[in-house]
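Report on one structure; see the data block that follows.
The values are calculated or read from the model by the stated rules, or taken from the named source; none is laboratory data. Computed from a predicted structure; not experimentally measured. Because the Cβ atoms are built from the backbone with ideal geometry, glycine has one as well, and the counts that use them run over all protein chains shown.
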Amino acid sequence: MPTPADSSTQAVAEAGPKAADFALDRNLLRQRFERAAATCDRADVLAREVARRMDERLDYIRVTPRRVLDLGCGTGADLPRLAERFPEATLIAADFAPSMVAQAHARVRPPASGGLLRRLLRSAPSAPPHFVADARTLPLARASLGLVWSNLMLPAVDDPLPVFREIHRCLEVDGLLMFSTLGPDTLRELRAALPAHRGDRVHRFIDMHDLGDALVQAGFTDPVMDMEMLTLTYAELDDLLEDLRTSGAANAAVGRPRGLSGRREWAEARAAYERLRRDGRLPASFEIIQGHAWKAAPKTTEDGRTIVRFQPRPSHR
């Protein structure tokens, strides 16, 4: 299951007629992730596998960043992988849950000198290289990053567009955003088994094409995205539910049903899920969306004026 920074929650692109369906209780999310910091690594099989696949993609992408941000770092499980791939880069990690950042801070020793980070961070000179921040308002200077890595963080925001815009602001020209998230078919078995008449008990997840639209709106060029289904299996339904709780990934939608379902409803849900058992195991599907996009040189200034670039005429001798 995803780690707390990788919460199984729903993201929504541009505000639309059903935007309220995807609104998240940010305080509840933070509380759950704070509690889950001590337990989530027990349930991070999915996040580790997705990180491995993201890392494989970098084998085919030429990028040598000087500074790498792990956005939504959780307990920092991806930091050793990033440190191995980019040994010369300064690693920075951010999450909106303080307990997560504390765990991540211990995984990779911070640089001996804080001078670079003091220039990068807008906050006080003592600001650490691993910091607590909302992904929509990062305390980083414009064009200060070469790579932003974000593994299963996007489902924990209401709207990915402000996040993409903030990442775009912080990336230098030719900087790369690489991310993964969850698609609409995630936990489809659980969604179908639970009673629907009292409202959604499983978060919805944004479609890959809507994410692509948000990337373009944020200013990124030539986004590349793809989707694949991964299936985890469990001995019992309670094991899946425990993974969701342990990782902080239970439903945090503002419009979620309050209170528990009755004994009869739970019995019916368990029976419906039990009918999916194959070879002694119960399946749980996860639609994994991976994508990357580049920050190109701007074509207009911030006030809307067109930027015209002149190339020197080659000399002929």
What are the residues in the range 160-177 that are buried (at least 21 other Cβ atoms within 10 Å of the Cβ) and not in a helix (DSSP H, G or I), if any? Leu171, Gly175, Leu176, Leu177
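Among the residues of the range 197-206, write down those that are surrounded by 16 or more Cβ atoms within 10 Å (Cβ to Cβ) and touching a Gly at 6+ places or on another chain (Cβ under 8 Å).
Of the residues in the range 197-206, the ones surrounded by 16 or more Cβ atoms within 10 Å (Cβ to Cβ) are 200-206.
Within the range 197-206, Asp200, Phe205, Ile206 meet the criteria.
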Any pair with Cβ under 8 angstrom, 6 or more apart, that starts in the range 25-39 at a residue that is touching a residue at least 24 places away in the same chain (Cβ under 8 Å) and ends at one that is in a helix (DSSP H, G or I) and β-branched (Val, Ile, Thr): Ala36/Thr246; Thr39/Thr246
Checklist (1) at pLDDT 95 or above; (2) more than 28 Å from Asp25 (Cα to Cα); (3) part of a strand (DSSP E or B) applied to Leu91, failing item: (1)
Per the list (1) surrounded by 15 or more Cβ atoms within 10 Å (Cβ to Cβ); (2) more than 25 Å from Glu34 (Cβ to Cβ); (3) not aromatic (Phe, Trp, Tyr), residue check on Leu240 breaks on (2)
Can you confirm whether the range 78-88 contains a residue that is surrounded by 14 or more Cβ atoms within 10 Å (Cβ to Cβ), hydrophobic (A, V, I, L, M, F, W, C), in a strand (DSSP E or B) and at pLDDT 95 or above? no
Which residues, counting only those in the range 59-72, are over 22 Å from Val163 (Cα atoms) and either outside any loop (DSSP other than H, G, I, E, B) or among the acidic types (Asp, Glu) (or both)? Asp59, Tyr60
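Answer yes or no as to whether Ala93 is free of Cβ contacts under 8 Å to residues at least 40 places away in the same chain, within 19 Å of Leu145 (Cα to Cα) and touching a His at 6+ places or on another chain (Cβ under 8 Å).
In short, yes.
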Which is at pLDDT 95 or above and either surrounded by fewer than 14 Cβ atoms within 10 Å (Cβ to Cβ) or not aromatic (Phe, Trp, Tyr) (or both), of Leu260, Leu215, Leu194? Leu215
Could you please find all residues in the range 230-259 being part of a strand (DSSP E or B) and under 16 Å from Ala47 (Cβ atoms)? Leu230, Thr231, Leu232
Of the residues that sit in the range 94-110 and are touching a helix residue (DSSP H, G or I) at 6+ places or on another chain (Cβ under 9 Å) and of a type in the set (D, E, K, R), which one is modelled with the lowest pLDDT? Arg107
Residue count, the range 275-313 (criterion: at pLDDT 60 or above and not in a strand (DSSP E or B)): 10
Among what's in the range 138-180 and is among the β-branched types (Val, Ile, Thr) and within 29 Å of His203 (Cα to Cα), pick the residue that is modelled with the lowest pLDDT. Val157
Filtered residues of the range 89-104 (kept if of a type in the set (Val, Ile, Thr) and either over 16 Å from Thr64 (Cβ atoms) or buried (at least 24 other Cβ atoms within 10 Å of the Cβ) (or both)): Ile92, Val101
Tally of residues being in contact with a helix residue (DSSP H, G or I) (Cβ under 7 Å, 6 or more places away or on another chain) and either farther than 15 Å from Ala104 by Cα or part of a helix (DSSP H, G or I) (or both) across the range 33-42: 5
Take the residues in the range 268-301 that are in contact (Cβ under 8 Å) with a residue 12 or more places away in the chain and among the polar types (S, T, N, Q), then tell me which one is surrounded by the most Cβ atoms within 10 Å (Cβ to Cβ). Gln290
Matching entry among Ala51, Ala5 (being part of a helix (DSSP H, G or I), surrounded by 15 or more Cβ atoms within 10 Å (Cβ to Cβ) and modelled with pLDDT under 85): Ala5
